[in-house]
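Engineer: Below you'll find the structure I mean.
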Amino acid sequence: GGDCKYNGSMTMNSVDFFDLPTISMGITRPKGPEFEELFVYDERRSIYKKFVLRQNRLVGAIAIGDVKNCGIFLRLIKDGVDVSSIKDDLVSPSFSYAMVLDLIGQKEEIYIV
């Protein structure tokens, strides 16, 4: 019976598909010029990643074959972090949590996927 604020929700799916781990989150099929898409494709290692940004903020991602760091991507999306300073690093094979520490601060919580 009380008032409650609903902050919304975000779509997220995780599945193994033909022995390939697959995760999608947020906006994965953007429409409009305000979106930017970054891609990683490594056929030899069966890896595909897609990052969707709007105004230098990560708003969606797809990871196939390599789902490590997806918890970090989820955190960036949920917190609406400006990733302009690490945008090129998102597609790097050496991307890690250490690269975003300054952006998200020293919050205790991290989403592990």
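The values are calculated or read from the model by the stated rules, or taken from the named source; none is laboratory data. In this text the structure is predicted, and so the values were computed from the model without any measurement. Note that each Cβ is placed from the backbone with ideal geometry, even for glycine, and that neighbours are counted across all protein chains shown. The protein model used for the area step is the full one, side chains on, heavy atoms only, and it has no ligands, DNA or RNA in it. Shrake-Rupley method; radii C 1.70, N 1.55, O 1.52, S 1.80 Å.
Engineer: When you look at Phe17, is it touching a residue at least 24 places away in the same chain (Cβ under 8 Å), open to solvent by 100 Å² or more (accessible area, probe 1.4 Å) and of a type outside the set (S, T, N, Q), yes or no?
Structural biologist: On the way: touching a residue at least 24 places away in the same chain (Cβ under 8 Å): yes; open to solvent by 100 Å² or more (accessible area, probe 1.4 Å): yes; of a type outside the set (S, T, N, Q): yes.
Here the answer is yes, as Phe17 does meet what is asked.
Engineer: Please list, ordered by first then second residue, the pairs with beta carbon atoms under 7 Å, 6 or more apart or interchain, first in the stretch 58-71 and more than 19 Å from Pro30 (Cβ to Cβ) and in contact (Cβ under 8 Å) with a residue 40 or more places away in the chain, second of a type in the set (Val, Ile, Thr) and open to solvent by less than 10 Å² (accessible area, probe 1.4 Å).
Structural biologist: If the second residue must be of a type in the set (Val, Ile, Thr) and open to solvent by less than 10 Å² (accessible area, probe 1.4 Å), the pairs left are Val67/Ile23.
Engineer: Just to check your reading of the model, which residue among Asp3, Asp42, Asp102 is touching an Asp or Glu at 6+ places or on another chain (Cβ under 9 Å) and of a type in the set (Asp, Glu)?
Structural biologist: Within the list Asp3, Asp42, Asp102, the selection yields Asp42.
Engineer: Further question: If I filter the stretch 79-90 for residues that are closer than 26 Å to Phe17 by Cα and either open to solvent by 50 Å² or more (accessible area, probe 1.4 Å) or at pLDDT 90 or above (or both), do I get at least one hit?
Structural biologist: Let us first name the residues in the stretch 79-90 that are closer than 26 Å to Phe17 by Cα, namely 90.
Then drop every residue that is not either open to solvent by 50 Å² or more (accessible area, probe 1.4 Å) or at pLDDT 90 or above (or both), which leaves 90.
So far as the stretch 79-90 goes, yes, one or more of its residues are closer than 26 Å to Phe17 by Cα and either open to solvent by 50 Å² or more (accessible area, probe 1.4 Å) or at pLDDT 90 or above (or both).
Engineer: Which one of these is of a type in the set (Ser, Thr, Tyr) and touching a helix residue (DSSP H, G or I) at 6+ places or on another chain (Cβ under 6 Å): Tyr41, Tyr48, Tyr6, Tyr97?
Structural biologist: Matching residue, one of Tyr41, Tyr48, Tyr6, Tyr97: Tyr97.
Engineer: Applying the selection to the stretch 78-101, what residues are assigned to a loop (DSSP other than H, G, I, E, B) and of a type in the set (Lys, Arg)?
Structural biologist: Residues satisfying the conditions do not exist here.
Engineer: Same structure again: Test Val52 against the criterion of being under 12 Å from the mean Cα position of the chain (by Cα), modelled with pLDDT of 90 or more and assigned to a loop (DSSP other than H, G, I, E, B), and give yes or no.
Structural biologist: Here the answer is no, as Val52 does not meet what is asked.
Engineer: Looking only at the stretch 37-49, count how many residues are open to solvent by less than 90 Å² (accessible area, probe 1.4 Å) and assigned to a strand (DSSP E or B).
Structural biologist: Count: 7.
Engineer: Is at least one residue of the stretch 27-36 of a type in the set (Lys, Arg), free of Cβ contacts under 8 Å to residues at least 60 places away in the same chain and either open to solvent by less than 80 Å² (accessible area, probe 1.4 Å) or touching a Gly at 6+ places or on another chain (Cβ under 9 Å) (or both)?
Structural biologist: Yes, the stretch 27-36 contains at least one residue that is of a type in the set (Lys, Arg), free of Cβ contacts under 8 Å to residues at least 60 places away in the same chain and either open to solvent by less than 80 Å² (accessible area, probe 1.4 Å) or touching a Gly at 6+ places or on another chain (Cβ under 9 Å) (or both).
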